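The values are calculated or read from the model by the stated rules, or taken from the named source; none is laboratory data. Bear in mind the structure is a predicted one, so any value in this text is a computation, not a measurement. In this analysis, Cβ positions are derived from the backbone assuming ideal geometry, glycine residues included, and neighbour counts consider all displayed protein chains. Ligands, DNA and RNA are stripped out before the accessible areas are found, and what is left, the full protein with its side chains, is counted by its heavy atoms. Shrake-Rupley method; radii C 1.70, N 1.55, O 1.52, S 1.80 Å.
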Amino acid sequence: MSSKRFFFRTLLVCGFLAGTLLAGEPVPSLTAGDLAKGPFSSMHMLLEKTVLKVDVLTVDVKVTKKTQDKFAQIATGKGYTPELGNQIADIAIKADDALVQLEFKRDVGLNMWIGEVRRNLQQARDAGLISPDLQQKVSDSLPSSFSALSERGYKNGDRLLYRVRPDSLRTVVVGPDHATVLLDRIDKDPGARRVPMACYFAPASDFRDLLLKSLFGS
């Protein structure tokens, strides 16, 4: 496999269904007051291109106290094991309130990104985490939903944020200055909010193990 192909195969980023544009809403933040703090509240990882150790992107996942308490109940005083990781992943996938933030460390074209989103959706479907209908609906919506980035793509320093709520999924793209909002949409399809967490924590995900281990400080 070429190094270029490996690089793009590791870009796990999930999409969302066509939604409505938002205006004037604050950009989601990892420091928001409704997100938990302290042990078992956050996961973080840096994805590197393995051969040259080139930074690709960082991923942060923050949960609310409800999910933090579930993590703590089964993981306090324990070290990471694959079995415990499976339990944590299951809780994360079912979380109805969370924030996922990606920060790109390299430029990525939109068409290449859409191709990787579709691969990741297939992984989630294969694991039984999303339905075939939802997979197809999200896949079909990607070009129009992200048309604002069709010429530009993602640039080094861009942040992509998914705010998962009980009744919605909000997706925001912010430029490297952390102030310019390039895309801001909300989707209230009942299945939409499940898509990002299902993709990041699917068994075949490139990010799953690194995120789970970070919850334990490893």
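Values computed for the structure shown
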| quantity | calculated |
| --- | --- |
| Cα→Cβ-extended label distance, 7 Å offset, between D167 and S139, nm | 3.1 |
| Residue of I74, I114, I93 that the Gaussian network model of the chain assigns the largest fluctuation, springs spanning Cα pairs under 10 Å | I74 |
| Full-stretch length increase - V181, L210 - with 0.36 nm per residue and alpha-carbon distance subtracted | 7.6 nm |
| Per residue, in Å², the accessible surface of the chain once ligands and nucleic acids are set aside, probe 1.4 Å | 45 |
| Chain lengthening between L46 and S29 when straightened (0.36 nm per residue, less Cα-Cα) | 4.3 nm |
| With every protein chain in place, the stretch 83-143: carbon and sulfur % of accessible area (1.4 Å) | 42 |
| Global form of the stretch 78-141, assessed from the alpha-carbon gyration tensor, a/c cut-off 1.5 | oblate |
| Values of log10 I(q)/I(0), in the order q = 0.11 Å⁻¹, for the stretch 89-218 under a Debye, Cα-only, solvent-free model | -0.38 |
| 222 nm mean residue ellipticity, helices alone, for the chain (DSSP H n ≥ 4; -39,500 (n - 2.57); rounded to 500) | -10500 deg cm²/dmol |
